[in-house]
1. Does the stretch B:127-137 include one or more residues that are more than 9 Å from every other protein chain (Cβ to nearest Cβ), within 28 Å of A:V141 (Cβ to Cβ) and either of a type in the set (D, E) or in contact with a helix residue (DSSP H, G or I) (Cβ under 9 Å, 6 or more places away or on another chain) (or both)?
2. Any residue that is over 28 Å from B:V91 (Cα atoms) and not charged (D, E, K, R) - is there at least one of those in the stretch B:304-314?
3. Return the residues of the stretch B:122-164 that are within 22 Å of the chain's Cα centre (by Cα), of a type in the set (G, A, S) and closer than 26 Å to A:L62 by Cα; say none if nothing qualifies.
4. Hey, any hits in the stretch A:285-297 for a residue that's open to solvent by less than 60 Å² (accessible area, probe 1.4 Å), over 21 Å from A:V100 (Cα atoms), of a type outside the set (G, A, S) and in contact (Cβ under 8 Å) with a residue 60 or more places away in the chain?
5. Which of the following residues is closer than 26 Å to B:G55 by Cβ, open to solvent by 10 Å² or more (accessible area, probe 1.4 Å) and in contact (Cβ under 8 Å) with a residue 60 or more places away in the chain: B:A233, B:A200, B:A253?
6. Can A:H325 be described as open to solvent by 10 Å² or more (accessible area, probe 1.4 Å), at positive phi and in contact (Cβ under 8 Å) with a residue 60 or more places away in the chain?
7. Within the stretch A:21-48, work out how many residues are surrounded by fewer than 15 Cβ atoms within 10 Å (Cβ to Cβ) and modelled with pLDDT under 90.
8. Looking for something closer than 30 Å to B:F80 by Cα and surrounded by fewer than 21 Cβ atoms within 10 Å (Cβ to Cβ) - is there at least one such residue anywhere in the stretch B:169-190?
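The values are calculated or read from the model by the stated rules, or taken from the named source; none is laboratory data. This structure is a prediction, so every number in the text was calculated from the model and none was measured. We place every Cβ from the backbone using ideal geometry, glycine too, and count neighbours over all the protein chains shown. Please note that ligands, DNA and RNA were not included when accessible areas were found on the heavy atoms of the full protein model with its side chains. Shrake-Rupley method; radii C 1.70, N 1.55, O 1.52, S 1.80 Å.
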There are 2 protein chains.
Amino acid sequence: MADWQREPEGFSCPLPKSDYQEVVLAHGGGGRLSRQLLEEWILPCLENPVLRQLGDSAVLNLEGLRLAFTTDSYTVTPLFFPGGDIGELAVYGTLNDLAVAGAQPRALSLALILEEGLPLETLHRILESIRRAAARLQVPVVTGDTKVVDRGKGDGVYINTAGIGVVPPGRDPGPHRIRPGDHILINGPIGLHGLAILAARQNLFPEETLKSDTGPVGPLIEALYEAGVEIHAMRDPTRGGVASVLNELASQAGVGITLLEQELPVPPEVEGAAELLGLDPLYIANEGKVLIFVAEDQADRALEVLRQHPLGREARDIGRVTEEHPGLVVLHTVIGGRRVVDLLSGEQLPRIC
Amino acid sequence: MADWQREPEGFSCPLPKSDYQEVVLAHGGGGRLSRQLLEEWILPCLENPVLRQLGDSAVLNLEGLRLAFTTDSYTVTPLFFPGGDIGELAVYGTLNDLAVAGAQPRALSLALILEEGLPLETLHRILESIRRAAARLQVPVVTGDTKVVDRGKGDGVYINTAGIGVVPPGRDPGPHRIRPGDHILINGPIGLHGLAILAARQNLFPEETLKSDTGPVGPLIEALYEAGVEIHAMRDPTRGGVASVLNELASQAGVGITLLEQELPVPPEVEGAAELLGLDPLYIANEGKVLIFVAEDQADRALEVLRQHPLGREARDIGRVTEEHPGLVVLHTVIGGRRVVDLLSGEQLPRIC
């Protein structure tokens, strides 16, 4: 019997026990329930060593070429918001996932799910935005797909982009290289993207008070590599914010993480809006931001390179990796206190991506 | 100024004139309006030589490695239908797009858009189906994404899969290699998938009268290459059916195509159902089917290889490439007539993918 005919060996996917019978919004929020959906429902079913690494990109070895491969769907509402739109988000988001794997992007796919009744002029604006973002980073859209779904479905447009990139020799960032003593850098202020979406959706604040920071991080990461900085790990703190992403990394690397509240770049408009809404900026989604882990003796040099680059002028050194409290992220507050910054069960916001 | 900062040169996307102000279902139907959306709205905006080829996969040269890359979103309703479900469709559909580019698949991405309220048990069944299909072809899912959208959106589950594969040296199928005199082969009966979906959705026929032919074509194509058959071009006749896909190829290759009605493998149950519904099987979507163009002197050998393979037992030689009527597909009917088989404006069915 030919290979393609044989039923695969081994057990079929186990049916996990769950407190939930149905998908809830928090399953997509980047917190504990997202993690549970992934680890209990999806991974046991599709298990393989590459997927198990749960990086922002998979890195494959194809005939000696190290190829990074990633995918993301974009379901943001509204489609246009202060500082950005779903089109550039779909380009930068996926290219940033390649960049934090150390990869240089080579090509994008673009799959559109359009809702019947979407004004073609809206589609045109989104395509223009996609063109502009892809051209800015000189990455071609090489393959695509368009589906149309019935009126009332699909929120106007859903976009999926997948990206492929090449990881140059010598680069191997990842949780496995995180070491106690590492410094954690970020290239700029946090909380802007999530709050801008929320504000645009709810008409909470005067237009343009909060602007999304949607943008690329790849050119910044290339600058670090060119300067010879040895990067231990990188991650973009999107869904679930800085807190959720650092929790994941602490858990994957088996280390503790200390966050220095006084170093956190929280702009006054974010602080004000978050306080008003009872939200913690640490859990708010960002775009165009990257967390970078480097050894202590590289931290100053890395910070200097970041700050000299237009995408990193407001870079900060916000945390340390510790041997203590493995798996936990602990905030050292301005007034000298300490508190555990845990994964949230769902998300603290209405869904924003 | 750094490259990443500079606004791309050249004009922004031109705004086309259109008879439509809004997206309509037919824009996703695989016919004339789909073509128009692609050629007038999307391509001028994202123009580049690889995308312009409009193959089922893009083929890139990365450091000497020929990499095929493709994407498809799956929005089928119902999620489960006689003969298949959205999960295996999402695996086979994308792997088939790699296969018809001559590529051997290496990895899949999986992006789920879940509707709030989807029973987790339904998700589990879909994941099991994805696992089974991917394992059958020994292709790992290496990267993924999950988003949750509000209740009422998303039809339960939308799936996007992207696939990457390697094109072995010496393989270069494509419209540019189609020549007058070529024979056109198909590996089995047409019309089953589209009608099975339609029947399941409308409760038209007793369950199981019509079963989708969802399945892989890669192993069959590998068998042809292993047997030394020189393949000029391949395409899987999914959305828009055999007629639409052959129209595209005739137009891209600048040749005429003759279809032999008496050779078309239309099963009695398809003929009956199509007649009842006033549909033409030539425009009905197929899965697990492939159209193969070979030189005349290779046709018999190719047909023999196909028929010896479990995925091609009912293979037929259904058409010829001609110098006459370039860009047109002409059906030679059983009773000796001739009629042009044109692109439909939209689709003849309610949307099925």
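1. Going residue by residue through the stretch B:127-137, those that are more than 9 Å from every other protein chain (Cβ to nearest Cβ) are B:129, B:133.
Narrowing the set further to residues that are within 28 Å of A:V141 (Cβ to Cβ) leaves B:133.
Okay, now just the ones that are also either of a type in the set (D, E) or in contact with a helix residue (DSSP H, G or I) (Cβ under 9 Å, 6 or more places away or on another chain) (or both), so B:133.
Looking through the stretch B:127-137, at least one residue is more than 9 Å from every other protein chain (Cβ to nearest Cβ), within 28 Å of A:V141 (Cβ to Cβ) and either of a type in the set (D, E) or in contact with a helix residue (DSSP H, G or I) (Cβ under 9 Å, 6 or more places away or on another chain) (or both).
2. Going through the stretch B:304-314, the residues over 28 Å from B:V91 (Cα atoms) turn out to be none.
No.
3. Residues satisfying the conditions are B:A133, B:A134, B:A135, B:A162, B:G163.
4. Step one: filter the stretch A:285-297 for residues open to solvent by less than 60 Å² (accessible area, probe 1.4 Å), giving A:285-295.
If we keep only those that are over 21 Å from A:V100 (Cα atoms) as well, we get none.
No - not one qualifying residue is present in the stretch A:285-297.
5. On inspection, the qualifying residue turns out to be B:A253.
6. Working: open to solvent by 10 Å² or more (accessible area, probe 1.4 Å): yes; at positive phi: yes; in contact (Cβ under 8 Å) with a residue 60 or more places away in the chain: yes.
The answer is yes for A:H325.
7. The total comes to 1.
8. Yes, because at least one residue in the stretch B:169-190 is closer than 30 Å to B:F80 by Cα and surrounded by fewer than 21 Cβ atoms within 10 Å (Cβ to Cβ).
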